[in-house]
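Laboratory data are not the source of any read-out in this text; all were calculated from the coordinates shown. Everything quoted here is computed from the prediction, not taken from an experiment. Here the Cβ positions follow ideal geometry from the backbone for every residue, glycine too, while neighbour counts run over all protein chains shown.
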Amino acid sequence: MSQLNVDTIGSQTGSTISIASGHSLQNADGSAIGGGKILQVVSKSGDAVVTVNSSTYTALVSVNITPSASTSKILLFATGDGNSASGTAWNRVRFFRDSTEIGNNIIYQASGTSINHAWALHTLDSPSSTSQITYSIRAQQGSGNLTYGEAGAIQSPTITALEVGV
């Protein structure tokens, strides 16, 4: 294996350096140059009212993303609010990668009628894949019934997936 060490490549006028497909530039310690960049962003809001009244996880909203490299990480964010029809109700809310639970769940509790309570969730996933992945935010009934997206798309939960290059 050959190694080329230089102080400067290019010119003051903005020359471009091309690297052949399948190759990459590395720092002296062997780490990839340019990691941590956002490679793509996909986001989706739900479009229907969802009432969670089951101990089986119910999808609130999902988004598809196809990572460009198996080393990429996916940074996930989700926000929303819900409403208890009456009294106090609570759900477990968490992310899924396809059918696999990922990250921590939150316990989301709402009390009173017609009072919406906000929630937010995030996690960093390492799917090790370049195939399409469906990420979803799902809720599971703990007690009582909770309704998400009472006003449809204008108020429904939103999930955002960012592919981060390493």
Which of the residues spanning the range 92-102 are part of a strand (DSSP E or B) and surrounded by fewer than 16 Cβ atoms within 10 Å (Cβ to Cβ)?
Thr100, Glu101
Assuming Ser55 fulfils every condition listed in (1) of a type in the set (S, T, N, Q); (2) outside any loop (DSSP other than H, G, I, E, B); (3) surrounded by fewer than 17 Cβ atoms within 10 Å (Cβ to Cβ) apart from one, which condition is it?
(2)
Top-ranked residue in the range 133-148 [being of a type outside the set (S, T, N, Q) and in a strand (DSSP E or B); ranked as surrounded by the fewest Cβ atoms within 10 Å (Cβ to Cβ)]
Gly142
Looking for whichever is small (Gly, Ala, Ser) and assigned to a loop (DSSP other than H, G, I, E, B) here; the options are Ala110, Ala89, Ala48, Ala120. Which one fits?
Ala48
(1) surrounded by 14 or more Cβ atoms within 10 Å (Cβ to Cβ); (2) over 15 Å from the mean Cα position of the chain (by Cα); (3) in a loop (DSSP other than H, G, I, E, B): which one isn't true of Pro67, the others all being true?
(2)
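Based on this model, can you work out whether Thr130 counts as surrounded by fewer than 18 Cβ atoms within 10 Å (Cβ to Cβ), part of a strand (DSSP E or B) and of a type in the set (Ser, Thr, Tyr)? Before the answer, list the steps.
Working: surrounded by fewer than 18 Cβ atoms within 10 Å (Cβ to Cβ): yes; part of a strand (DSSP E or B): no; of a type in the set (Ser, Thr, Tyr): yes.
Here the answer is no, as Thr130 does not meet what is asked.
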